[in-house]
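Asks: Here it is: the structure, laid out below.
The values are calculated or read from the model by the stated rules, or taken from the named source; none is laboratory data. These numbers come from a predicted model, not from an experiment. In this analysis, Cβ positions are derived from the backbone assuming ideal geometry, glycine residues included, and neighbour counts consider all displayed protein chains. The protein model used for the area step is the full one, side chains on, heavy atoms only, and it has no ligands, DNA or RNA in it. Shrake-Rupley method; radii C 1.70, N 1.55, O 1.52, S 1.80 Å.
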Amino acid sequence: MSTLDPDRLPHHVAIIPDGNGRWAEKRGLSRMEGHRRGTETVQEVVRAAHELGIRELTLYAWSQENWGRPTVEVNAIMRLLHRYLRKHADELVENGIRLETLGRIQELPGSVRRELERVQRRTEGFNEMRLNMALSYSGRTEIVDAVRRIARAIESGQLEPEAIDEKTIGANLYAPESTEPDLLIRTGAEHRVSNYLLWQLAYTELYFSEALWPDFSKADLVAALREFQGRERRFGRTAKQLRAEP
Ligand code: IPE
Ligand code: IPE
Ligand code: MG
């Protein structure tokens, strides 16, 4: 921990918490047990990120594609999500953590939606850390939904097509106040983006952990942050140019 430079922490960390099912199957347990353990890791990582001084954390909790899983698994995860929100809302409030969501939230069961709204209301305006949960989320659908909103603004005469720029797209995403992730961590030894934050990841540093999500610990998070701090983000420029600048 002492090896982390507090001045060079990523502002925003996005995570793809993958590997719950394999973690359980390896132990002869049901996949649901893996998801249950996974929600414990979520809370440990939220706590650790907050303690380390991360200002924004975006977790991929449920993808659009995940709706295609067996019904028992879908239902079990929806129940776990509901339970997670009930169990940890107080801790979020105590730590000044603001909960936000991104995705087609209207597709979630009513009980989960109501719980999300409750926690969002309770944590509104907090700014210790922002916790974004990507739920019923797809990066492509997010862009489709943004395009629809922009098209409606043009249709109603509020916007000229020539006025569309990158800011217009960003302003019409699910969480327009959210920043672009500095670091993406994917656990579970898969090396892909799986339709996550396609617009926002343009210049994000990518980090892949072999740990299955239920095994991912604060030490693993610190290892990812340390690796991030050793990287040079050039944004298309040369190293020499960057060093010449303040
Ligand atoms: C990630 O773990 C959790 C969700 C997608 C909700 P998986 O369920 O994808 O676990 P693996 O990849 O099958 O091990
Ligand atoms: C990505 O994991 C989605 C979440 C972690 C919620 P998946 O396990 O669904 O992704 P693929 O199928 O391996 O790409
Ligand atoms: Mg998976």
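Asks: Which members of the range 1-27 meet the condition of being within 16 Å of ligand 1 (Cβ to nearest atom) and open to solvent by 20 Å² or more (accessible area, probe 1.4 Å)?
Replies: Answer for the range 1-27, where residues must be within 16 Å of ligand 1 (Cβ to nearest atom) and open to solvent by 20 Å² or more (accessible area, probe 1.4 Å): P17, D18, N20, R22, E25, K26, R27.
Table: residues versus (1) of a type outside the set (S, T, Y); (2) buried (at least 19 other Cβ atoms within 10 Å of the Cβ); (3) out of contact with any helix residue (DSSP H, G or I) (no Cβ under 8 Å at 6 or more places or on another chain).
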residue: T168; (1), (2), (3): no, no, no
residue: S178; (1), (2), (3): no, yes, yes
residue: P181; (1), (2), (3): yes, yes, yes
residue: A202; (1), (2), (3): yes, no, yes
residue: L206; (1), (2), (3): yes, no, yes
residue: D215; (1), (2), (3): yes, no, no
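Asks: T123 versus (1) over 17 Å from the mean Cα position of the chain (by Cα); (2) among the hydroxyl-bearing types (S, T, Y); (3) within 16 Å of ligand 2 (Cβ to nearest atom): which is the lone unmet condition?
Replies: Exception for T123: condition (3).
Asks: Further, regarding this structure: Could you tell me which residue of the range 178-223 is nearest to E44 (Cα to Cα), considering only residues that are among the β-branched types (V, I, T) and assigned to a loop (DSSP other than H, G, I, E, B)?
Replies: Filtering first and then ranking leaves T187.
Asks: Looking for whichever is modelled with pLDDT of 95 or more and either exposed (fewer than 15 other Cβ atoms within 10 Å of the Cβ) or within 29 Å of E51 (Cβ to Cβ) (or both) here; the options are E117, E142. Which one fits?
Replies: Unique residue meeting the criteria: E117.
Asks: Something else about it: Determine which single condition N66 fails, assuming it passes every other condition in (1) away from ligand 2 (no atom under 12 Å from the Cβ); (2) part of a helix (DSSP H, G or I); (3) without any contact (Cβ under 8 Å) to a residue 40 or more places away in the chain.
Replies: (1)
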